[in-house]
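Undergrad: Before I ask anything, let me first share the structure, which is written out below as structure tokens.
The values are calculated or read from the model by the stated rules, or taken from the named source; none is laboratory data. Predicted model only: the values in this text are computed from it and were never measured. When we count neighbours, we look across all protein chains shown, and the Cβ atoms used for this are built from the backbone with ideal geometry, even at glycine. Calculation scope for accessible area: heavy atoms of the full protein, side chains included, ligands and nucleic acids excluded. Shrake-Rupley method; radii C 1.70, N 1.55, O 1.52, S 1.80 Å.
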Amino acid sequence: MCESVAADEGAEQSGTPTPRMFSWARNSTIYRLERRMHTEKQLFDAIARKARQKFDGISEAQVKALADSAVKFAYDNKALDDTAYAEISTRSGMRSGKSKRAIAQRLSQRGVAKSTVASAVAEADDLYAALVLARKRAFGPFRKGELDDKQKAKELSAFARAGFSFDIGKKVFEMPVDEAEEALAAGRDL
């Protein structure tokens with residue numbers, strides 16, 4: 001028992017994580033990736049944050065080594081793929097009424113490379129996403145009440161805040177309900 005404590009102390013001083021730390025990083029990576037998809041940056045940051053909490057007196061070199069080993073382990077087991085993450089997030093965002101701009105911003109915040117973000121959102125359909133938002137908020141063709149100037153400004157502002165262009169917002173705003181339903185039905189397989 002004394003030898004393992006001495007070995008742990010020696011490793012802490014050298015900047016190399018102990019085998020126990022590497023084992024924890026591997027298990028923590030498995031746990032996290034079983035729960036949900038992560039980007040490389042998200043996984044690295046999560047392991048680094050938890051390592052600082054779990055191990056007293058851990059050096060920054062050890063934290064970086066543990067996080068790097070976790071990312072490598074995830075790639076080796078094909079559990080980490082930023083391209084697939086970006087594509088899945090883009091489709092999900094579109095189906096929930098998010099614009100290309102909003103989706104790209106969220107992916108960038110999560111550490112996905114700009115080129116990967118650009119290729120993922122290139123396939124997104126802003127008109128479909130705007131129609132989904134309109135249906136959720138009962139705007140445009142899905143409006144329940146009468147339209148006055150205040151309501152018109154409110155609806156067009158909501159499209160702008162969601163990241164849609166004025167042209168898209170205006171098109172959805174003026175679209176008849178049967179055409180809107182048809183466009184939503186055509187886009188369901190996205």
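Undergrad: Take Arg188 and decide whether it is at pLDDT 90 or above and under 26 Å from the mean Cα position of the chain (by Cα).
TA: Criteria not met by Arg188.
Undergrad: May I ask you to list pairs of residues, at least six apart or on different chains, whose Cβ atoms are under 8 Å apart, with the first in segment 54-67 being among the β-branched types (Val, Ile, Thr) and the second being part of a helix (DSSP H, G or I)?
TA: From segment 54-67, the pairs are Ile58/Glu12; Ile58/Met21; Ile58/Ala51; Ile58/Arg52; Val63/Ala48; Val63/Ala51; Val63/Arg52.
Undergrad: Select from segment 15-46 the residues that are of a type in the set (Val, Ile, Thr) and more than 23 Å from the chain's Cα centre (by Cα) and list them in ascending order.
TA: Thr16, Thr18
Undergrad: Restricting to segment 101-150, count the residues that are open to solvent by less than 20 Å² (accessible area, probe 1.4 Å) and hydroxyl-bearing (Ser, Thr, Tyr).
TA: Selection size over segment 101-150: 1.
Undergrad: Applying the selection to segment 68-100, what residues are farther than 29 Å from Leu131 by Cβ and open to solvent by 80 Å² or more (accessible area, probe 1.4 Å)?
TA: Within segment 68-100, Lys72, Tyr75, Asp76, Asn77, Lys78 qualify.
Undergrad: Scanning for something of a type in the set (Asp, Glu) and open to solvent by less than 20 Å² (accessible area, probe 1.4 Å), does segment 151-160 turn up at least one residue?
TA: Yes, there is a match, as at least one residue in segment 151-160 is of a type in the set (Asp, Glu) and open to solvent by less than 20 Å² (accessible area, probe 1.4 Å).
Undergrad: Please tell me if Ala65 is more than 20 Å from Phe159 (Cα to Cα) and open to solvent by 20 Å² or more (accessible area, probe 1.4 Å).
TA: Spelling it out, Ala65 is indeed more than 20 Å from Phe159 (Cα to Cα) and open to solvent by 20 Å² or more (accessible area, probe 1.4 Å).
Undergrad: Right, next: So the check is Cβ under 6 Å with 6+ separation or different chains; which pairs have a first residue in segment 167-183 that's under 23 Å from Asp148 (Cβ atoms) and open to solvent by less than 30 Å² (accessible area, probe 1.4 Å) and a second one that's assigned to a helix (DSSP H, G or I) and of a type in the set (A, V, I, L, M)?
TA: Pairs that qualify, where the first residue is under 23 Å from Asp148 (Cβ atoms) and open to solvent by less than 30 Å² (accessible area, probe 1.4 Å) and the partner is assigned to a helix (DSSP H, G or I) and of a type in the set (A, V, I, L, M), are Gly169/Leu156; Val172/Ala130; Val172/Leu131; Val172/Ala134; Ala180/Leu131.
Undergrad: What number of residues within segment 88-104 are of a type in the set (Val, Ile, Thr) and outside any helix (DSSP H, G or I)?
TA: 0
Undergrad: Do the conditions hold for Arg49, that is, is it open to solvent by 40 Å² or more (accessible area, probe 1.4 Å), under 24 Å from the mean Cα position of the chain (by Cα) and at pLDDT below 95?
TA: For Arg49, the condition - open to solvent by 40 Å² or more (accessible area, probe 1.4 Å), under 24 Å from the mean Cα position of the chain (by Cα) and at pLDDT below 95 - is not met.
Undergrad: Please go through segment 105-154 and pick out each residue that is aliphatic (A, V, I, L, M), modelled with pLDDT under 90 and part of a helix (DSSP H, G or I).
TA: Ala153, the sole residue that qualifies.
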